[in-house]
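These notes concern the structure reproduced below.
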Protein chains: 4
Amino acid sequence: MGIVASVTDFLHSNNGNIISLEQHVDRSEQRFFMRVEWMLEDFTIPEAKIDDFFGTLIGQKYQMQWKLYFTDRQPKMAIFVSKASHCLYDILQRYMSGEFAVEIPAIIGNHDNLQYLADRFEIPFYLFPITKENKPEQEAKEIALMKELEVDFIVLARYMQILSDNFVSTFPNRIINIHHSFLPAFKGARPYHSAFERGVKIIGATSHYVTADLDEGPIIFQDVAKVSHRDTVQDLKRRGKDLEKLVLSQAIWREIQHKTLPYKNKTILFE
Amino acid sequence: MGIVASVTDFLHSNNGNIISLEQHVDRSEQRFFMRVEWMLEDFTIPEAKIDDFFGTLIGQKYQMQWKLYFTDRQPKMAIFVSKASHCLYDILQRYMSGEFAVEIPAIIGNHDNLQYLADRFEIPFYLFPITKENKPEQEAKEIALMKELEVDFIVLARYMQILSDNFVSTFPNRIINIHHSFLPAFKGARPYHSAFERGVKIIGATSHYVTADLDEGPIIFQDVAKVSHRDTVQDLKRRGKDLEKLVLSQAIWREIQHKTLPYKNKTILFE
Amino acid sequence: MGIVASVTDFLHSNNGNIISLEQHVDRSEQRFFMRVEWMLEDFTIPEAKIDDFFGTLIGQKYQMQWKLYFTDRQPKMAIFVSKASHCLYDILQRYMSGEFAVEIPAIIGNHDNLQYLADRFEIPFYLFPITKENKPEQEAKEIALMKELEVDFIVLARYMQILSDNFVSTFPNRIINIHHSFLPAFKGARPYHSAFERGVKIIGATSHYVTADLDEGPIIFQDVAKVSHRDTVQDLKRRGKDLEKLVLSQAIWREIQHKTLPYKNKTILFE
Amino acid sequence: MGIVASVTDFLHSNNGNIISLEQHVDRSEQRFFMRVEWMLEDFTIPEAKIDDFFGTLIGQKYQMQWKLYFTDRQPKMAIFVSKASHCLYDILQRYMSGEFAVEIPAIIGNHDNLQYLADRFEIPFYLFPITKENKPEQEAKEIALMKELEVDFIVLARYMQILSDNFVSTFPNRIINIHHSFLPAFKGARPYHSAFERGVKIIGATSHYVTADLDEGPIIFQDVAKVSHRDTVQDLKRRGKDLEKLVLSQAIWREIQHKTLPYKNKTILFE
């Protein structure tokens, strides 16, 4: 197929030092995927022209879809929360310590319980209480805010509202959710209660891109913990929180690195 | 409630040295569970009379259900197989090395693919090919054989036939199955194909008691393995086998030790 | 041995409703361990006299050692930090959300990097910079502060100073540390560098009680994560932080519940 | 550096369809590693000449080291055993079922305990009892046998003899051992006893290439299991066996696929 040869030759002949290269072939879909990271230092094509040159010389030839990211530009991430604080703390610690090279222009809440936390870290907090009646207009305001702030992606950090199809389709594959079960088991509400009722011996958490189908979007990351007959629903919830925050933060970390590629209903996780 | 005090006093006052004691309270069901292991050496009540004495002095008083097991009597386990060999090898290795203190009076197959293995270890192999037409009569023969051999419990070691309700109800909570998914996700046939289609990042296996509802019986043990977008269905199957054999053998080990107590749709796993 | 019978009879005959009971026999040490939790409601012995009555009627008879804890009294926990923030955030989130039913009268730092965090959550922060010269006097002040504040136990949340034997022996089995390796591998400084050099495929973290022997105290909790040849030392550090905070917080949670019993160089973890 | 471009161009321009390509840069060592798999169908360079052509056109230019493997040639694997059977069963099941595409020309034992198993599967068994006195001559015979049988690599499946430096250096990076601990913790003899004494909460197993330094060779695979204060040394041994057999078989599977590349004291595991 020669794609690897063509792309690496394009980079090499223009003095682009390849830092990492990974490819993947999905044989069932007959699709080829590739991620290349190279240094701009010494690269002979100016930053602003890379997209055009690549498209003209390589992309068209192979009918590729491609995206260019520059690591010196930090993506902008908005965080949606409700009442539970564990995911937000985890995100803020990573943000404050520099692990997440990201800007956080807004924390959005449908409750004000976590406003104190946004305030303490001097991140703008926007309150949009949601009722059945006001949902369309509140979501319209949220969408306008996201656009005004030029948000790159949205993180639902245990946000307990279902987003409308309209909201979701405005940000395709740009909304990351954490679901508190091992999907596809226990979709929807109250998964820990369902897990308790079923008597499972392992619980889980799943981060995924949000699509119009509830809890059906491309899975990014999953993790599990062993539980026993001694664990009550409260114990499952407590232990699940540890999974939720890690599984969400790992998805965010990959998103910031541009290492997750959603394709159809799956994701390719580059190393 | 005084049950622990009464039981331990009964044992202690009759010179029964307690080796282990574990209790569990299911508050949602308002039920109390307890497992005690003690030494018969020096115990003043003769083996044959323990059941009567315990029932009369303690059991009736608290309206208990109880079972007595004597560790010097090895349980009898029958193994049902089809074509896949990995679980059977794993069981036979543990049996031959003495890890499984059990008798294996029969291996039953609906195919003859694994007869060679039974033959090499000199365990009687019984072939009962199953078709839609002959299923009732073949199962009747199998039931008769289980009774004749005084089998205590049955292990379905990747046996690819669904047992009839009649068969299952003849051995309530005495049939252990291994299902090749992380239940309740991917019940029924071809779970690895479903897992692949869904794009999960973790696969699992589940051992459970067989009930009339397919893949819905009390879960005994579960384990998982991380997978990636690079794994094909064949890779999932290959990696799943490692889970299947361990998860099944751990359930068998507990059954032999009388450490699994099914109750309603759950199990209590004593340590 | 009759201990279980005697204790449960003591509780039962005084209207103490047992909530949980767990026992453990260490056969190599010929020691018996037991943890009982019961309700004081309806218990006929007044709270202040339980210790005396239990000792006189039961404890002496069996030459037991025992401790009484009342769940309505929250323990006091001091936190020692240096520069790394991940463990402190994790602890504070659990504290603020009520998961940790504990009082935090002081955060002690040998650097002031995390003072902002203590300030934001309005927890008193004490700065004790440590040099070779001032270490004895600074530790003396810390000990005095701990006593003045009536601290029950101390948590070293990535505190990068080695405590003197004098300090450690003042709080026997009351100091919990997190070590950033899978002990006993990679004791001492720079464990992630050592792990990288050795080319291990799994890294770990260990929470343990601090004793005079560096990284040799009773282990409370351990967890691990898989790594690969692609991970740099920086990657190991980043991924290790997730282990460190969870493994430390799990040890703290158990300490607050009085569910960890150190004995010689090991711990018994009651469920 | 252009290596990727040169290699992929070499393959592409000779009609070699690339199935997988993976590269790795070890920055601390300033070394570049790459694994490419391509189809020989339609490849214009005949099988017998690939090595020469590749070396002349590409390898020399970049001062590479390279190895060519053809997937239609099954490697030859010898298995060394002592008394424990769990690893051997696991290997034989995978061999018999076709999971291991390998030839097994010999099983070598220093005891005859497992001869029955080799006999049942009709694999030649060679008994070489080892004493202090006869070790050099027995090893000489073993080496001669390996060479006569043209063995590609040797698996020590819980072989309880330390190989001499002479033996090891005859098969550099061609001997795979399973050590029953989480290396580098608990090197040498009786690791489960040491783990028990230390009171660890997790045990492990490690597969590695054998070098002259005992248990210091490049690590291929590691896995762990949680244990508790209730586990005796016997329990650790029993549970460790499950780790040992999986961790060894995963190393063998990778070896057969030529997916493990030892370099200095580490391994690169291609996907």
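The values are calculated or read from the model by the stated rules, or taken from the named source; none is laboratory data. As the structure is a prediction and not an experimental result, all values here were calculated from the model. Note that each Cβ is placed from the backbone with ideal geometry, even for glycine, and that neighbours are counted across all protein chains shown. SASA here: full protein model, heavy atoms, side chains in, ligands and nucleic acids out. Shrake-Rupley method; radii C 1.70, N 1.55, O 1.52, S 1.80 Å.
When C:Ser207 is tested against (1) surrounded by fewer than 19 Cβ atoms within 10 Å (Cβ to Cβ); (2) of a type in the set (S, T, N, Q); (3) facing another protein chain (nearest Cβ under 10 Å), only condition (1) is not met.
Being within 15 Å of the chain's Cα centre (by Cα) and over 24 Å from D:Val36 (Cβ atoms) is the filter here; which residues of region D:96-116 pass it? Result: D:Glu103, D:Ile104.
Residues that are in contact with a Pro (Cβ under 9 Å, 6 or more places away or on another chain) and at the interface with chain A (Cβ under 7 Å from one of its Cβ atoms) within region B:257-271 comprise B:Asn265, B:Lys266, B:Thr267, B:Ile268, listed in sequence order.
Only residues that are open to solvent by 20 Å² or more (accessible area, probe 1.4 Å) and in contact (Cβ under 8 Å) with a residue 40 or more places away in the chain were counted across region A:222-241, and they come to 4.
Looking at D:Leu248, D:Leu261, can you tell me which residue is of a type in the set (A, V, I, L, M, F, W, C), closer than 25 Å to D:Gln74 by Cα, modelled with pLDDT of 95 or more and not in a helix (DSSP H, G or I)? None of the other options fit; the residue is D:Leu261.
Whenever a residue of region D:13-34 is more than 7 Å from chain A (Cβ to nearest Cβ) and in contact (Cβ under 8 Å) with a residue 40 or more places away in the chain, its partners that are surrounded by fewer than 19 Cβ atoms within 10 Å (Cβ to Cβ) and among the aromatic types (Phe, Trp, Tyr), lying with C-beta atoms within less than 6 angstrom and at least six residues away or across chains, give the pairs D:His24/D:Phe33.
Say we look at region C:155-177 and pick out the residues that are assigned to a helix (DSSP H, G or I) and not hydroxyl-bearing (Ser, Thr, Tyr); which of these is nearest to C:Ile252 (Cα to Cα)? Residue satisfying both the conditions and the ranking: C:Val168.
The condition of being assigned to a strand (DSSP E or B) and not acidic (Asp, Glu) holds for only one of B:His208, B:His193, B:His229, that being B:His208.
Scanning region B:4-47 for residues that are open to solvent by 30 Å² or more (accessible area, probe 1.4 Å) and either farther than 30 Å from A:Glu197 by Cβ or in the same structural domain as B:Phe270 (by TED's automatic domain parsing) (or both) yields a count of 17.
For first residues located in region C:254-271 and farther than 17 Å from D:Arg198 by Cβ, partners that are of a type in the set (Gly, Ala, Ser) and lie 6+ apart or on another chain with Cβ distances below 7 Å form the pairs C:Ile256/C:Ala101. Name the single residue, out of those in region C:181-240 being among the charged types (D, E, K, R) and under 17 Å from the mean Cα position of the chain (by Cα), that is farthest from D:Val247 (Cα to Cα). In this case the residue turns out to be C:Asp213. Here A:Phe54 meets each of (1) touching a strand residue (DSSP E or B) at 6+ places or on another chain (Cβ under 6 Å); (2) not assigned by TED's automatic domain parsing to the domain that holds A:Asp152; (3) not aliphatic (A, V, I, L, M) with one exception, condition (1). Could you pull out the residue among B:Glu41, B:Glu29, B:Glu22 that is modelled with pLDDT under 95, in a strand (DSSP E or B) and not aliphatic (A, V, I, L, M)? After ruling out the rest, the residue left standing is B:Glu22. What number goes with the only condition from (1) more than 16 Å from C:Val200 (Cα to Cα); (2) over 18 Å from the mean Cα position of the chain (by Cα) that D:His258 does not pass? Only one criterion is unmet by D:His258, namely (2).
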